[in-house]
1. Which of the strands (runs of 3 or more DSSP E) contained wholly in the range 1-103 include at least 3 residues that are without any contact (Cβ under 8 Å) to a residue 60 or more places away in the chain and touching a helix residue (DSSP H, G or I) at 6+ places or on another chain (Cβ under 8 Å)?
2. I'm trying to understand the selection: among the residues of the range 143-188, which are closer than 30 Å to residue 105 by Cβ, among the β-branched types (Val, Ile, Thr) and part of a loop (DSSP other than H, G, I, E, B)?
3. Kindly list the number of the only condition in (1) over 25 Å from residue 203 (Cβ atoms); (2) buried (at least 18 other Cβ atoms within 10 Å of the Cβ); (3) in contact with a Ser or Thr (Cβ under 8 Å, 6 or more places away or on another chain); (4) in contact (Cβ under 8 Å) with a residue 40 or more places away in the chain that fails for residue 156.
4. Residues of the range 207-233 being under 18 Å from the mean Cα position of the chain (by Cα) and among the hydrophobic types (A, V, I, L, M, F, W, C), which ones?
5. Just checking, which of 248, 265 is touching a Ser or Thr at 6+ places or on another chain (Cβ under 8 Å) and either more than 8 Å from the ligand (Cβ to nearest atom) or basic (Lys, Arg) (or both)?
6. Give just the number: which of (1) within 14 Å of the ligand (Cβ to nearest atom); (2) under 18 Å from the mean Cα position of the chain (by Cα); (3) in contact (Cβ under 8 Å) with a residue 40 or more places away in the chain does residue 236 not satisfy?
7. Output the residues belonging to the range 282-291 that are near the ligand (Cβ under 6 Å from one of its atoms) and either over 12 Å from residue 308 (Cα atoms) or in a helix (DSSP H, G or I) (or both).
8. Please verify whether residue 243 is in contact with a strand residue (DSSP E or B) (Cβ under 8 Å, 6 or more places away or on another chain), of a type outside the set (Val, Ile, Thr) and surrounded by fewer than 16 Cβ atoms within 10 Å (Cβ to Cβ), treating the condition exactly as stated.
Amino acid sequence: MTRKLVKVKKTVIFTDYQCNNNCFFCVDKNKRRIKGKSSGEIKHEIVKAKKRGTVYLEFIGGEVTIRKDSIDIFSFASSIGFNTIALVTNGRMLSYEDYAKKLLSAGINHIILSIHGHTKELHDYLTQSKGSFDQLIRGMRNLREMEFDNIGSNTTIVKQNYRVLPKIGEFLLENNIRNSEFIFVDPNYGAAKENFHDLVPRISDIAPYVYKCLDLGREKSIPHWHIRYVPLCYFEDYLEQVSELDEVRKFKTEHIAPDFENYEVEESRAIAGRVKPDKCLTCVYYNLCEGIWKEYINKYGDSELKPCHEKK
Ligand code: SF4
């Protein structure tokens with residue numbers, strides 16, 4: 001008898017779009033002026049999410065930690081009660097020991113750091129924020145000293161860092177990060193759309209570097225060491241490390257933001273953001289695969305995609 005997997009109900013609250021970094025590839029670059037949600041509005045959303053059955057609550061910005069009410073919001077979420085209260089952050093505010101302490105006391109129990117380079121030069125270049133790497137490192141150290149180790153990471157893959165992905169992977173492992181996503185940049189919106197040719201690499205170019213990076217996690221049997229937003233034809237040997245496949249199986253996700261609400265994230269991403277051109281029709285992964293970003297096909301065409309005819 002096969003047992004049906006019960007999906008984890010996850011709500012991601014985008015508090016606002018203000019940020020103390022200025023990443024080259026920021027998908028929200030053109031949203032900075034949109035008014036963020038007020039404390040009251042965020043708390044209202046938290047209560048509503050609880051009523052809808054959410055067990056995994058995630059906060060993301062912009063950069064949530066630069067809000068004056070961030071600790072109060074985290075404490076409120078904690079008082080309502082969720083299995084996971086996660087925060088996606090660039091980690092800079094965590095360099096302030098007092099803030100890091102308050103954040104953990106407020107009940108954040110999973111922290112996902114945005115780490116785009118393994119060196120100060122590369123990370124600061126991509127964030128366009130001098131000192132952001134040093135603060136991130138100090139922030140990580142503070143968390144460790146407070147014996148907090150549920151730390152994950154997001155790395156956006158762009159032209160400037162794809163060749164050093166294995167080095168970034170090594171850097172994450174050295175820093176004891178065991179829950180990592182390597183995310184192919186989204187060129188449908190924001191800065192990567194505007195500066196497409198400066199930022200967006202070819203999937204065929206990144207693939208060999210991504211394999212090496214994914215192998216690092218595989219060799220150490222790390223459960224979550226994943227690539228995100230890629231066509232499966234380049235990752236047939238790594239299907240168990242493709243984030244979307246995992247996510248669709250395990251999560252039912254909703255996004256609540258100042259300017260939109262999406263209660264069908266997994267389903268709508270595949271329809272609105274990704275495309276499978278006609279040549280995909282004969283591919284054995286057609287139903288499983290989300291294809292590739294629409295803007296990628298607009299700019300580069302579909303010549304790199306290679307329909308597979310036998311499942312591995
Ligand atoms: S469906 Fe298209 S994009 Fe996906 S694996 Fe097949 S050929 Fe590649």
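1. Values: elements: 8-14, 56-60, 84-89.
It comes to 84-89.
2. Listed by number, the list holds a single entry, 177.
3. (1)
4. Within the range 207-233, the first condition is being under 18 Å from the mean Cα position of the chain (by Cα), and the residues that meet it are 210, 213-214, 217, 222-231.
Within the range 207-233, 210, 213, 214, 222, 225, 227, 230 meet the criteria.
5. Just a single option satisfies the conditions, and that option is 265.
6. The single condition residue 236 does not satisfy is (2).
7. Step one: list which residues in the range 282-291 are near the ligand (Cβ under 6 Å from one of its atoms), which gives 283, 285-286, 289, 291.
Across the range 282-291, the qualifying residue is only 291.
8. On the way: in contact with a strand residue (DSSP E or B) (Cβ under 8 Å, 6 or more places away or on another chain): yes; of a type outside the set (Val, Ile, Thr): yes; surrounded by fewer than 16 Cβ atoms within 10 Å (Cβ to Cβ): no.
Taking the combined requirement at face value, the residue does not satisfy it.
The values are calculated or read from the model by the stated rules, or taken from the named source; none is laboratory data. Since the structure is predicted, the reported quantities are computational estimates derived from the model, not experimental observations. Here the Cβ is made from the backbone with ideal geometry for all residues, glycine too, and neighbour counts use every protein chain on show.
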